[in-house]
Amino acid sequence: MAQQQLLEQEPSVSQILRTYKKELTQNIDRHADGSNISTMSQQLNQESSISQILRTYGKQFRQIRKQYADGVGGRCVMGVIMSYYGWDGKCITTAERRLYAALVALRQAGISKELLIELNDSGATFEEIADYLDRNQGLANLNR
């Protein structure tokens, strides 16, 4: 009986997600400049393509190579995608879940993680990678 009462007091998963989405939207509104607010809010309400994530969300970070994040505002292509799905660039515990979300998104888009890492580490910018993905839609097959 006491256990049931405790469970009834716990918020549902959908309530937690709504709260998280609201907080995330508020954070974006506070930190984004006026021209990016509507774009960022739209991203929360509909799933963005990988190229859109790189073009819009990638602008918040300095591009780095050979690691997901450097702890001081730098991200590689995979780090940007993971950050889009909620990774703060530091917490290793949440990194695994965010990497999984990023990998699911890549799989659904038919994009190879290895291809993105290769493009990033060979010097292509986020914009160039996004252009490549748009030009070669369907050719960036999953080569895992």
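The values are calculated or read from the model by the stated rules, or taken from the named source; none is laboratory data. A quick note: this is a predicted structure, and the numbers were derived from the prediction, not measured. All Cβ positions, glycine included, derive from the backbone under ideal geometry; neighbour counts span all protein chains shown.
At-a-glance table
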read-out	value
Any chance ALA69 is modelled with pLDDT of 90 or more and farther than 24 Å from GLN137 by Cα	yes
Scan of the range 71-93 for residues that are buried (at least 16 other Cβ atoms within 10 Å of the Cβ) and of a type outside the set (Phe, Trp, Tyr), ordered by number	GLY74, ARG75, CYS76, VAL77, MET78, GLY79, VAL80, ILE81, MET82, SER83, GLY89
Any chance GLU128 is outside any loop (DSSP other than H, G, I, E, B) and under 16 Å from GLY58 (Cα atoms)	yes
Filter result for TYR84 (on the phi < 0 side of the Ramachandran plot, within 14 Å of the chain's Cα centre (by Cα) and free of Cβ contacts under 8 Å to residues at least 60 places away in the same chain)	yes
Residue in the range 94-106 that is surrounded by 14 or more Cβ atoms within 10 Å (Cβ to Cβ), out of contact with any strand residue (DSSP E or B) (no Cβ under 9 Å at 6 or more places or on another chain), modelled with pLDDT under 90 and outside any helix (DSSP H, G or I) present	no
Selected residue (criterion: nearest to the chain's Cα centre (by Cα)) from residues of the range 107-125 that are buried (at least 20 other Cβ atoms within 10 Å of the Cβ) and in a helix (DSSP H, G or I)	LEU116
